[in-house]
Amino acid sequence: MEITEYFSLLWNDYTLRTITLGTAVLGAICGMLGSFAVLRKESLLGDAISHAALPGIAIAFLITGTKDSSILLLGALISGLIGTLWIRGITSKTHLKSDTALGLILSIFFGFGMLLLTFIQKQPNANQAGLDKYLFGQAATLVESDVRLMVIVTGISLFVMLLFWKEFKMLLFDADYTKTIGFNTKFIDVLITFLIVLAIVLGLQTVGVVLMSAILLAPAAAARQWTNSLSKMVVLAAIFGAFSGVLGTAISASQDNLSTGPVIVLVAGVFVLFSFIFSPGRGLLFREIKFRKNRNDLELMKTLQFMYSIAQDHENISHPHAIRILNNFHGFTKSSLKKLENEGWVAIDGQEWAMTEKGFLRAEEIYNQPIGNE
Amino acid sequence: MSNPQIEIQLIAAIVAMACAIPGVFLVLRKMALISDAISHSILPGIVIGFFITQDLNSPLLILLAALTGVITVILVEYIQKTGLVKEDTAIGLVFPALFSIGVILIAKNANDVHLDVDAVLLGELAFAPFDRLMLSGMDMGPKSLWVMGVILLTIITLLILFFKELKVSTFDAGLSSAMGISPVVIHYGLMSISSITVVGAFDAVGAILVVALMIAPAATAYLLTNDLKKMIALSMFFGVLSAISGYWLANLLDASISGSIATTLGLLFLIVYLFAPSKGLISVLYRQKQQRIEVSLITFLLHLNRHEQEEERHVNHLQEHINWQKVRANTVLDLAEKNNLIHINNDVVTLTEKGLVFTEKSLEYIMSNKDEKIDSMKDDFFLFRG
């Protein structure tokens, strides 16, 4: 199936529509809540939580014996929350640092989950196959009820986020101040973390345990490059997330043998790469251009300054001098001379140059500029 | 025990020891998550290496994949340096992308590559004894035993040779540069060794569970000791212990060996986390409770010292005044009376001689806020605890 074919099928085919809607909603909620995770410097918490959710899925299956995704995801939610609490417990009560706590919980819970999964596989129960789709995710397994669950959870988190917008924002940027003016920071903190865990758990079926954290981070990291405003960042991240979801699903559906998770991650990665390079203001390309421009400006001013020092020694500032006396050391190049002439600071006449009134004044001002008016 | 069983346990123990040593330094350098990043991002290196060599245990493949690990580290550091995102986000962006590339490479070549994603994530220790090293027709034992054995020997040799350098650069990068030991060289050396270990071990225990073997023993040992040598020895011990007991647990449950090794590591950490003598959760909570009572006691004595009138020093009044709950007020009152700091007469509390001296000392400490003042009081504190 070609990608164009996919998009034409999208409008008629019920299954494709469900799946695409699911990944789009998922991308949006992850981008939205991921913005908070990124700004709280808790990017890797998502990685730990998603791995920690695995034993929950296995235990939920062992207890209930069903493969109903909402029950399995409830198990994932509980074990994800236990993992998060334990991480908090380790960092606050012992001298182990957060990176150790994250890596520890991540690998141990995942290992325990794998133990349970392999244990389940050996059970004489025909119903058990397919739990391993939670490792890498398979968007094709999404059914309408899953998507409905996603939409409901997204709606609720959107509502909670708007309700507590002010508190979330304040806690994000100045936790101490938030506490001093009497907000219950612990509650807000737990609420944000809970929402993030919720978003992660929601994505396990589609993207899988191993790569879930990237869906949380990548759209937010990309959105961060384009704006300094939280609300714009959240909206932008949601859009990036939704697009990564849809494009990723389209690509993976049009090829054989491709899990959805890795493709969505790579699409989101392309968004990040693009933003890193091309975003105005922060992007690497823009930064390089600005750097070069500054350097050229500096060279230009250096030439002007040298001309000024020569012109100062003469009664008539516009007395012509030979171009020869300028050299590279003073930032002189043919093009810089041309530029100076274009600015009207010097007048060129054959092999000689003369300073203009305007250029003289400009050079005089170089050292008298007020600092910090940039 | 049959022969393969012994071999599996031997391989598991060697992998555990090889992982534990770099793990200690990663934990101490607050770079534990780099091991997570490396273990994921070596996947494309392994896949490409496998296309070339067609052998999971070939040294060329290990070097190629380890190179991917080092590239990951460099890439993460480059992104951090641009300042576009925070450092942890940089890690979180790089390794899923590389891992995804690896997964897709495997998926697209699934037919002609004998390598699947489950094996990458989990490894299969149970199959390790079947891949044997044959030297001119002689059976030399399992290949992975040799590979990991060589890696372990290299690590131990490097550890002994560069122990001082590692120690200095881990705990004081500034001092180490001043002494002429480049922290950068040590850093990349450690990263290369970690990458090689992860690649060598991934075949046996899988990409993600390598992380457990690196971090968990070191974290467990760190809760028990502050001595670097002891920490290394302890984490090697914990690694081997969980490798062996994990193997038998897997045998019992008929489940994945690496999963059960990680689970035993987790249980071991849980036990130490709860019960470690001075850094465990229970002793930390107990100490915090003690300190709360001690602070309350000082507050209470200062309060008594400030008030002359009898009605201010009445027991019931004090409870209202300092606004403590009844239980806490009683604990403090009991403690103070038992230590002869106060005496209670007709429900009116008065400071004793000893109490007065003690209060003066506490005041002095509060006013000057110098540690040496409280040091002389520490002996008194022990009295309360007894």
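Cβ-Cβ distances below 8 Å connect the following pairs, each with a first residue in the range A:75-99 that is free of Cβ contacts under 8 Å to residues at least 24 places away in the same chain, a second residue that is of a type in the set (Phe, Trp, Tyr), and a separation of six or more residues or different chains: A:Gly75/A:Phe61; A:Ile90/B:Tyr273; A:Thr94/B:Tyr273; A:His95/B:Tyr222; A:Leu96/B:Tyr222.
Every listed requirement among (1) crowded, with 16+ Cβ neighbours inside 10 Å; (2) over 26 Å from B:Val284 (Cα atoms) is met by B:Leu223 save one, (2). When B:Lys81 is tested against the conditions (1) surrounded by fewer than 24 Cβ atoms within 10 Å (Cβ to Cβ); (2) farther than 30 Å from A:Met233 by Cβ, the lone failure is (2). Candidates in the range A:243-255 are the residues that are surrounded by 23 or more Cβ atoms within 10 Å (Cβ to Cβ) and closer than 26 Å to A:Leu162 by Cα; of these, the one that is nearest to the other protein chains (Cβ to nearest Cβ) is A:Ser244.
Considering every residue within the range A:84-97, establish whether at least one is of a type in the set (Gly, Ala, Ser) and closer than 30 Å to B:Leu223 by Cα. Yes, because at least one residue in the range A:84-97 is of a type in the set (Gly, Ala, Ser) and closer than 30 Å to B:Leu223 by Cα. Among the residues of the range B:223-240, at least one is facing chain A (nearest Cβ under 8 Å) and of a type in the set (A, V, I, L, M).
Checked against the criterion of being away from chain A (no Cβ under 11 Å) and farther than 26 Å from B:Phe163 by Cβ, the candidates B:Phe25, B:Phe51 yield just one match: B:Phe51.
The residues of the range B:339-368 that are part of a loop (DSSP other than H, G, I, E, B) and surrounded by 16 or more Cβ atoms within 10 Å (Cβ to Cβ), listed by number, are B:Asn339, B:Leu341.
Just one of (1) within 11 Å of chain B (Cβ to nearest Cβ); (2) of a type outside the set (A, V, I, L, M, F, W, C); (3) crowded, with 20+ Cβ neighbours inside 10 Å fails for A:Thr23. It is (1). On the stretch given as the range A:72-131, residues that are over 29 Å from A:Ala37 (Cα atoms) and of a type in the set (D, E, K, R) total 1.
Here A:Ser50 passes the criteria (1) buried (at least 24 other Cβ atoms within 10 Å of the Cβ); (2) away from chain B (no Cβ under 14 Å) except the one numbered (2). Exactly one residue among B:Leu274, B:Leu234, B:Leu249, B:Leu213 is touching a Gly at 6+ places or on another chain (Cβ under 9 Å) and in contact (Cβ under 8 Å) with a residue 12 or more places away in the chain, and that residue is B:Leu213.
Restricting attention to the range A:315-374, which residues are among the polar types (S, T, N, Q) and modelled with pLDDT under 75?
Just the residues of the range A:315-374 that are among the polar types (S, T, N, Q), to begin with: A:316, A:318, A:327-328, A:333, A:335-336, A:342, A:351, A:356, A:368-369, A:373.
Matches in the range A:315-374: A:Asn327, A:Asn328, A:Thr333, A:Asn368, A:Gln369, A:Asn373.
In the set (1) of a type outside the set (A, V, I, L, M); (2) over 30 Å from A:Asp132 (Cβ atoms); (3) within 13 Å of another protein chain (Cβ to nearest Cβ); (4) in a helix (DSSP H, G or I), A:Phe271 fails one condition alone, (2).
With respect to A:Gly248, determine if the residue is over 19 Å from B:Leu84 (Cβ atoms), of a type outside the set (Asp, Glu), in contact with a Leu (Cβ under 6 Å, 6 or more places away or on another chain) and part of a helix (DSSP H, G or I). Let's see the steps before the verdict.
Numbers: over 19 Å from B:Leu84 (Cβ atoms): yes; of a type outside the set (Asp, Glu): yes; in contact with a Leu (Cβ under 6 Å, 6 or more places away or on another chain): no; part of a helix (DSSP H, G or I): yes.
Considered against the rule, which asks whether it is over 19 Å from B:Leu84 (Cβ atoms), of a type outside the set (Asp, Glu), in contact with a Leu (Cβ under 6 Å, 6 or more places away or on another chain) and part of a helix (DSSP H, G or I), A:Gly248 comes out as no.
For the range B:189-220, a residue qualifies if it is surrounded by fewer than 24 Cβ atoms within 10 Å (Cβ to Cβ) and either within 12 Å of the chain's Cα centre (by Cα) or basic (Lys, Arg) (or both), but none of them does.
Could you check the range B:253-287 and list, in sequence order, the residues that are among the small types (Gly, Ala, Ser), surrounded by fewer than 18 Cβ atoms within 10 Å (Cβ to Cβ) and touching a Leu at 6+ places or on another chain (Cβ under 7 Å)? Don't jump to the end; show me each part of the working.
Pass one, the range B:253-287, residues among the small types (Gly, Ala, Ser): B:255-256, B:258-260, B:262, B:266, B:276, B:278, B:280, B:283.
Filter once more, keeping what is surrounded by fewer than 18 Cβ atoms within 10 Å (Cβ to Cβ): B:278, B:283.
Residues satisfying the conditions do not exist here.
In the range A:1-116, which helices (runs of 4 or more DSSP H) lie fully inside it and hold 2 or more residues that are within 29 Å of A:Ser231 (Cβ to Cβ) and of a type outside the set (Lys, Arg)? Full working, then the answer.
Working: elements: A:3-10, A:14-39, A:43-52, A:54-64, A:69-93.
Output list reads A:14-39, A:43-52, A:69-93.
Go through B:Phe25, B:Phe50 for me and flag whichever is at pLDDT 90 or above, over 17 Å from B:Ile208 (Cβ atoms) and touching a helix residue (DSSP H, G or I) at 6+ places or on another chain (Cβ under 8 Å). Working first, answer last.
Values: B:Phe50 fails: at pLDDT 90 or above.
Unique residue meeting the criteria: B:Phe25.
With a requirement of 3 or more residues that are surrounded by 16 or more Cβ atoms within 10 Å (Cβ to Cβ) and within 23 Å of the chain's Cα centre (by Cα), the helices (runs of 4 or more DSSP H) lying completely within the range A:131-183 that satisfy it span A:144-163, A:165-173.
When A:Ala139 is tested against the conditions (1) more than 14 Å from chain B (Cβ to nearest Cβ); (2) touching a Leu at 6+ places or on another chain (Cβ under 8 Å), the lone failure is (2).
Residue-by-condition table, conditions (1) buried (at least 24 other Cβ atoms within 10 Å of the Cβ); (2) within 14 Å of another protein chain (Cβ to nearest Cβ); (3) part of a loop (DSSP other than H, G, I, E, B):
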| residue | (1), (2), (3) |
| --- | --- |
| A:Lys186 | no, no, no |
| A:Leu191 | no, no, no |
| A:Leu195 | no, no, no |
| A:Leu202 | yes, no, no |
| A:Gln205 | yes, no, no |
| A:Val210 | yes, yes, yes |
| A:Pro219 | yes, yes, no |
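The sole residue among B:Ile74, B:Ile8, B:Ile104 that is in the same structural domain as B:Val240 (by TED's automatic domain parsing), under 28 Å from the mean Cα position of the chain (by Cα) and at pLDDT below 90 is B:Ile8.
How about the range B:249-280: which of its residues are part of a helix (DSSP H, G or I), more than 8 Å from chain A (Cβ to nearest Cβ) and over 18 Å from B:Gly123 (Cβ atoms)? Answer for the range B:249-280, where residues must be part of a helix (DSSP H, G or I), more than 8 Å from chain A (Cβ to nearest Cβ) and over 18 Å from B:Gly123 (Cβ atoms): B:Leu252, B:Leu267, B:Leu268, B:Leu270, B:Ile271, B:Val272, B:Leu274, B:Phe275.
Can you go through A:Arg287, A:Arg295 and tell me which one is part of a helix (DSSP H, G or I) and either among the hydroxyl-bearing types (Ser, Thr, Tyr) or more than 9 Å from every other protein chain (Cβ to nearest Cβ) (or both)? Explain how you work it out, then say what you get.
On the way: A:Arg287 fails: either among the hydroxyl-bearing types (Ser, Thr, Tyr) or more than 9 Å from every other protein chain (Cβ to nearest Cβ) (or both).
Result: A:Arg295 is the single residue among A:Arg287, A:Arg295 that is part of a helix (DSSP H, G or I) and either among the hydroxyl-bearing types (Ser, Thr, Tyr) or more than 9 Å from every other protein chain (Cβ to nearest Cβ) (or both).
Among the conditions (1) assigned to a loop (DSSP other than H, G, I, E, B); (2) aliphatic (A, V, I, L, M); (3) more than 9 Å from every other protein chain (Cβ to nearest Cβ), A:Leu258 misses just one, which is (3).
The values are calculated or read from the model by the stated rules, or taken from the named source; none is laboratory data. These numbers come from a predicted model, not from an experiment. FYI the Cβ positions are ideal-geometry reconstructions off the backbone, even for glycines, and counts take in every protein chain you see.
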